[in-house]
Amino acid sequence: GVPIAVRHIESIMRMAEAHAKMHLRDYVRDDDMDASIKMMLESFISAQKFSVRRSLRRSFAKFLSSGEDRVHLLLHILQDMMRNEAMYQTIRQKQRGGGEAPEVLEVPLEEFESRARDRKIYDVVEFCKGKSFEEAGYTLDMGRRVIVKNF
């Protein structure tokens, strides 16, 4: 563990409030607290000797996780939504007499944001501008507020 005093907890709270204000919010969310805890731990770990630093990084890895975890989670959510949309479109095609798989799938951005919020991820637009999103074959149509996948 790490020795922690009341003043450390107060500092974490102040940093979380500052993080929220930087994002123009009047309230603190989970991601603000996560950012402040990460900042405090990074500061503490970087002040240690090299040999101690490695073991501390291993011990606190779950608190120091990068945005990679969120990217993987968001990709998984989006893939699940696209899979459900593909099944829905396929069933509709069969009911209409056609048997072809859909060439384009669209998922409402609002629904994706809602699913992400359920997992305490609040900013999906940054993810939609990222490399992983593009590499997975998705595009964001902000005019219609939909995520599109072409086959």
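Structure data summary
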item: Net charge dipole size for segment 75-120 [Lys, Arg +1 and Asp, Glu -1 on Cβ; Debye, nearest 20]; result: 200
item: Inter-label distance for V6 and R53, nm, one decimal - labels placed 7 Å from Cα along Cα-to-Cβ; result: 3.4
item: Segment 1-125, relative contact order in percent, only Cα pairs under 8 angstrom and at least six apart counted; result: 17
item: Cross-link pairs beyond the 18 Å C-alpha cut-off, checked among K62/K120; K120/K149; K62/K129; K38/K120; result: K120/K149; K62/K129
item: FRET efficiency, 1/(1 + (r/R0)^6) with R0 35 Å, evaluated for M22 and D80 via beta carbons; result: 0.65
item: Listed residue (P108, V71, M39) projecting farthest to the positive dipole end of the chain, Cβ model; result: M39
item: Residue-normalised accessible area of segment 46-113, expressed per residue, 1.4 Å probe, Å²; result: 71
item: Angle in degrees between helix 50-59 and the longest Cα principal axis of the chain, rounded to the nearest 10; result: 50
item: Folded to 0 to 90 degrees: helix 30-46 orientation relative to the chain principal axis, Cα; result: 50
item: Nearest 10 degrees, 0 to 90: helix 109-118 Cα axis against the chain principal axis; result: 40
item: Computed helical MRE - 222 nm, the chain, DSSP H runs ≥ 4 contributing -39500 (n - 2.57), nearest 500; result: -19000 deg cm²/dmol
item: S43 accessible area, assembled protein chains, probe 1.4 Å, Å²; result: 70
item: Extension gain (nm, one decimal) between E126 and E110, 0.36 nm per residue minus Cα-Cα; result: 4.3 nm
item: Computed FRET value (nearest 0.05) for Q95 with R145, which takes r as the C-beta separation and R₀ as 30 Å; result: 0.65
item: Fully extended contour minus Cα-Cα distance, from L73 to A61, at 0.36 nm per residue; result: 2.6 nm
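The values are calculated or read from the model by the stated rules, or taken from the named source; none is laboratory data. Not measured: the values here are computed from a predicted model. Cβ coordinates were reconstructed from backbone atoms using ideal geometry, including for glycine residues, and neighbour counts include every protein chain displayed. Accessible surface is based on the protein model in full, side chains and every heavy atom, while ligands, DNA and RNA are left aside. Shrake-Rupley method; radii C 1.70, N 1.55, O 1.52, S 1.80 Å.
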